[in-house]
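Report on the structure given below.
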Amino acid sequence: MKKALLLLIPLMIFISCEDEKEDEDVSAFVGTWDLTFASEYENADCTGDLDSTLWAFAQAFGMSVTMILDDDGTVEMTFSVMGETETETGTWSENSDGTSLTINGESQNVSMASDGNSFSVTAMDDAYCEDSDGEETSYTDSTSCQAAGNYWIEASCSYMEYTKE
């Protein structure tokens, strides 16, 4: 019995150390996150005051966003508003210093809170031309876009905060 215990103790230490090593390799962003605040900067270069009018409006209609970042590099985003729910899937990764997340090919600057329970995203969006179906067109300036009967969407910068479930 003593021999079995002597063999078991080193094995348990090895397994315990192995679990700690695995936990260290997991990104702090892995988990389930709820969008808890969103706003738009006054200027497209991410400066000026934040305007959260649209966020307040969306909240009035019960909008919620949940994002699940899995350690296998997959992401699932669920959007709900007024009882309707839509789920999208894709991939994600983070840069080596944890200051940028790339979700479905779009890179966004992030800042993790010191407690690891929330992070913020600052995302710059270029100006673009959109047709009446909401599809992006090939027009690259507002004059030609609007002359073709489309809608010019100005460049913008948004700020979002996510909190861990």
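Rule-based calculations on the coordinates, nothing more; no lab input. Treat the numbers as computed from the prediction; the structure is a model and nothing was measured. FYI the Cβ positions are ideal-geometry reconstructions off the backbone, even for glycines, and counts take in every protein chain you see.
Remarks
- Restricting the calculation to Cα atoms, every distinct pair contributes to the Kirkwood radius of segment 83-131, found to be 13.1 Å.
- Kirkwood-based shape ratio for segment 35-165, expressed as Rg/Rh from alpha carbons: 0.99
- Helix axis angle, 2-25 relative to the chain longest principal axis, alpha carbon, degrees: 10
- Helical contribution to [θ] at 222 nm, DSSP H n ≥ 4, -39,500 (n - 2.57), averaged over the chain, rounded to 500: -7500 deg cm²/dmol
- 3J(HN,Hα) from dihedral phi, segment 117-134, Karplus parametrisation 6.51/-1.76/1.60, rounded to Hz, x for glycine, proline: 9, 7, 8, 10, 10, 10, 10, 8, 10, 6, 5, 7, 10, 10, 7, 5, 8, x
- Protection proxy ranking of 100-112, 52-64 - average other beta-carbon atoms within 10 Å, highest first: 100-112, 52-64
- For segment 26-109: rounded, prolate or oblate by the Cα gyration tensor [a/c cutoff 1.5]: oblate
- Ordering of 75-85, 36-46 by packing [mean C-beta count within 10 Å, highest first]: 36-46, 75-85
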